[in-house]
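What follows is a single structure, written as structure tokens, with notes after it.
The values are calculated or read from the model by the stated rules, or taken from the named source; none is laboratory data. Nothing here was measured: the structure is a model prediction, and the numbers come from that model. FYI the Cβ positions are ideal-geometry reconstructions off the backbone, even for glycines, and counts take in every protein chain you see.
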Amino acid sequence: YAKAQGKGRFCYFTKTMQENANYRASILNDLRTALPSNQLELYYQPIISLRTNTVIKAEALLRWNHPQRDIISPLQFIPIAEESGLIIDIGDWVFQQALAQLKHWRQHFQADFQVSINKSPVQFKSLSQHADWMDTLSRESNYPEPGLVVEITESLLLQEDPNIMLQFKQMQHNGVKLSLDDFGTGYSSLSYLNKFGFDFLKIDKSFTQEIVENSDKRELCNAIIVMAHALGIEVVAEGIETLAQQDLLSEMGCDYGQGYLYSKPVPVKKFEQILKNGLVN
Ligand code: C2E
Ligand code: MG
Ligand code: MG
Ligand code: MG
């Protein structure tokens, strides 16, 4: 019986793996045409100041309007874009799109508005992409403060590549602010933040969402905020869904908040309504 079950399981797993591989291959195939056929779109999620409760930044988040399939999460297609190298072209598109949007919002809505984009560790291997971005930024009229924030995950820092440090320096020279994304999920310590000169730290939503019930997480969160501030780094809490979470974070002195409590990521038109009318709760 055990043998039969084991065999059955084996078949089950190989079938799933095969299905998985097929799914990925088909997604990759479709992803190659997604950019040229205008299926990609940037949504924006407001980031609010926890002191003034007003929207002062936004995070740009990719959405794929696939012609046949239902919504495919970036959590699914970004890794495929990274493995295949498509993330380079997609990342360029995100950069240009977000920068143009940011410029528009700075002119028409708020002069000191900031927009953050996510830059994958894979993109840091492309020195030509980095050079192109720096070239674009240095030609901007609002130099040296374009209002662009680049969010980076900590896995990048573990590579200990001296070239990454250089890219960080050049980005900051061109007025880009650096933000460490998903803090608390990986291995990085606050000493990294200092070493790499981050401007912002984003507390991961898995953390934010436990601070009300879990006192250990709450204490840790408090310590992160205190230490970040001691290093001159501002803190963004992501994934705020309840007023209780917001109030705790605000009491701890957390600077900014992002989450469904305020708004989900929304298309440009909808975001502009938020900029005009404020958040309507
Ligand atoms: P991330 O950079 O950590 O982005 C925050 C994610 O948390 C977003 O998921 C956002 O929709 C979600 N979120 C925000 N507030 C809440 C909340 O209150 N509750 C919950 N449950 N979720 C919340 P999204 O848009 O699905 O993106 C997932 C990840 O995909 C991003 O995580 C980022 O790592 C990656 N990604 C998205 N767009 C890009 C991009 O343009 N380039 C790259 N390289 N990665 C991207
Ligand atoms: Mg992010
Ligand atoms: Mg994040
Ligand atoms: Mg995250």
Handout entry: Residues that are crowded, with 18+ Cβ neighbours inside 10 Å and within 16 Å of ligand 3 (Cβ to nearest atom), drawn from region 124-164
Key = Val149, Val150, Glu151, Ile152, Thr153, Glu154, Leu156, Leu157
Fill in the blank from the handout: Within region 148-181, the residues that are charged (D, E, K, R) and assigned to a loop (DSSP other than H, G, I, E, B) are Glu160, Asp161
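Can you list the helices (runs of 4 or more DSSP H) found entirely within region 50-141 that contain at least 1 residues being closer than 21 Å to Leu28 by Cα?
74-84, 87-108
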Exercise for the section: May I ask you to list the residues in region 175-212 that are more than 16 Å from ligand 1 (Cβ to nearest atom) and either more than 30 Å from Lys103 (Cβ to Cβ) or among the basic types (Lys, Arg) (or both)? Expected result: Tyr187, Ser189, Leu190, Ser191, Tyr192, Asn194, Lys195
Problem - Given (1) crowded, with 18+ Cβ neighbours inside 10 Å; (2) among the aliphatic types (A, V, I, L, M); (3) under 21 Å from Glu151 (Cβ atoms), number of the condition Leu31 does not satisfy - result: (3)
Exercise for the section: Report yes if some residue within region 203-210 is more than 15 Å from ligand 3 (Cβ to nearest atom), farther than 23 Å from Ala58 by Cα and at pLDDT 95 or above; otherwise report no. Expected result: yes
Handout entry: Filter result for the condition that a residue is more than 15 Å from ligand 3 (Cβ to nearest atom) and under 29 Å from Leu127 (Cα atoms), over Gln246, Gln172
Key = Gln172
Practice task
Report yes if Ile224 is within 16 Å of ligand 2 (Cβ to nearest atom), surrounded by 18 or more Cβ atoms within 10 Å (Cβ to Cβ) and not small (Gly, Ala, Ser), otherwise no.
Solution key: no
Handout entry: Long-range neighbours under 7 Å by Cβ, at least six apart or interchain, first residue on the phi < 0 side of the Ramachandran plot within region 25-43, second among the acidic types (Asp, Glu)
Key = Leu35/Asp89
